[in-house]
Amino acid sequence: MQPSTITFQRPATPHPESASWSVDEVEALLALPFMELVFRAAEIHRQFFDPTKVQLSTLVSIKTGGCPEDCGYCPQSVHHDTPVENQPMMTVDEVVEAARLAKQNGAGRFCMGAAWRGPKDADLEKTLDMVKRVKALGLETCATFGLLKDGQAEKLKDAGLDYYNHNLDTAPDKYADIIQTRDYEDRLDTLGKVRGAGLSVCCGGIVGMNETRTDRAGLIAQLANLDPQPESVPVNNLVKVTGTPLDGAEPLDWTEFVRTIAVARITMPKSYVRLSAGRREMPEAMQALCFMAGANSIFYGDKLLTTGNPDVDADRVLMEKLDLAPL
């Protein structure tokens, strides 16, 4: 028996990428009736992606702890007393073995993260061989090393890096409540360097940090108005860690998270929208609604830098239940 095909009678029209989204417009989308919003996002998702396919990415912390930044959500900051212990940089062989295992488990992209404000040139040089050898395994490569200086993005590109991750975290007006050791413009400057080097951009944010819906709209507007839009948009639900300033943040209602996924899909129709941190705390039904609303990428593996993630077997079971296959 051939599977049936669903045809929409009134295909949704995504906002043109060349136009700018205002915060008010994005907030109006977030305020749509929940089912209508998810339906509109699902329509747009099907215009640009196969809704049965999910991109699987694995993230490994190649250098953990000791970061001089004071990000209020991060257990790796030297400013916070958290259970995370400083660890030296992994060796190239250790990183390559982790990448090989990730590929065996079905991952198509391998992301390397380091707890730096930004890499010193000597630090960066150590990562270039990692990038080259991971790329040689046939995986897409991604790195998140913090703020970049002139010329560093070009070196990463020459080594074979495909994506550079640098999140905006939250709305411009909310940013100073979360981080004081760098400015919003610092984030945008690094994204400019990444684009200038010809790298693809992975850029998203975190919700559940005591922000308002207007703040969430401000974050999405900033992301959607990047020119060009990010190829990958990770949406993180805050994982509260003892000792961080945001440990006591009020939990975000699950419907608000799904709304955020749906609006990210509508405003950035060609981007991969990734369910990132916080997924271990999400019930299966909530994740299913996120996939319905346009999420088509997940981090795959038992750990995200320093916080937990659903294990590979659990993800396989969920994908089988939802008839989803790796991209």
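The values are calculated or read from the model by the stated rules, or taken from the named source; none is laboratory data. What you see is a predicted model; the values in this text were computed from it and never measured. Neighbour counts run over all protein chains shown; Cβ positions are idealised from the backbone, glycine included. Side chains included, ligands, DNA and RNA excluded: accessible areas come from the protein's heavy atoms. Shrake-Rupley method; radii C 1.70, N 1.55, O 1.52, S 1.80 Å.
Consider THR82 carefully, then state whether it is modelled with pLDDT under 90 and either under 22 Å from the mean Cα position of the chain (by Cα) or open to solvent by less than 30 Å² (accessible area, probe 1.4 Å) (or both).
Yes, satisfied.
Residues are listed down the side, and each one gets a yes or a no for (1) surrounded by fewer than 16 Cβ atoms within 10 Å (Cβ to Cβ); (2) in contact with a Phe, Trp or Tyr (Cβ under 9 Å, 6 or more places away or on another chain):
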residue	(1), (2)
LEU101	yes, no
GLY106	no, yes
ARG133	no, no
GLU140	no, yes
GLY146	no, yes
LYS149	yes, no
ASP162	no, no
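Being open to solvent by 10 Å² or more (accessible area, probe 1.4 Å), assigned to a loop (DSSP other than H, G, I, E, B) and either among the aromatic types (Phe, Trp, Tyr) or more than 18 Å from ASP150 (Cα to Cα) (or both) is the filter here, so list the residues in the stretch 170-182 that pass it.
PRO172, ASP173, LYS174, GLN180, THR181, listed by residue number.
Could you tell me whether the stretch 198-217 includes any residue that is over 29 Å from ALA249 (Cα atoms), among the basic types (Lys, Arg) and either surrounded by fewer than 18 Cβ atoms within 10 Å (Cβ to Cβ) or at pLDDT 95 or above (or both)?
Looking through the stretch 198-217, none of the residues is over 29 Å from ALA249 (Cα atoms), among the basic types (Lys, Arg) and either surrounded by fewer than 18 Cβ atoms within 10 Å (Cβ to Cβ) or at pLDDT 95 or above (or both).
Tell me, which strands (runs of 3 or more DSSP E) wholly within the stretch 215-321 include 1 or more residues that are touching a residue at least 12 places away in the same chain (Cβ under 8 Å) and on the phi > 0 side of the Ramachandran plot?
By residue number, no strands (runs of 3 or more DSSP E) qualify.
Of these, THR181, THR144, THR190, which one is touching a Pro at 6+ places or on another chain (Cβ under 8 Å) and at pLDDT below 95?
Among THR181, THR144, THR190, only THR181 is touching a Pro at 6+ places or on another chain (Cβ under 8 Å) and at pLDDT below 95.
Taking GLU94 and the conditions (1) open to solvent by less than 30 Å² (accessible area, probe 1.4 Å); (2) over 27 Å from GLY294 (Cβ atoms); (3) among the charged types (D, E, K, R), which numbered condition does it fall short on, given that it satisfies the others?
(1)
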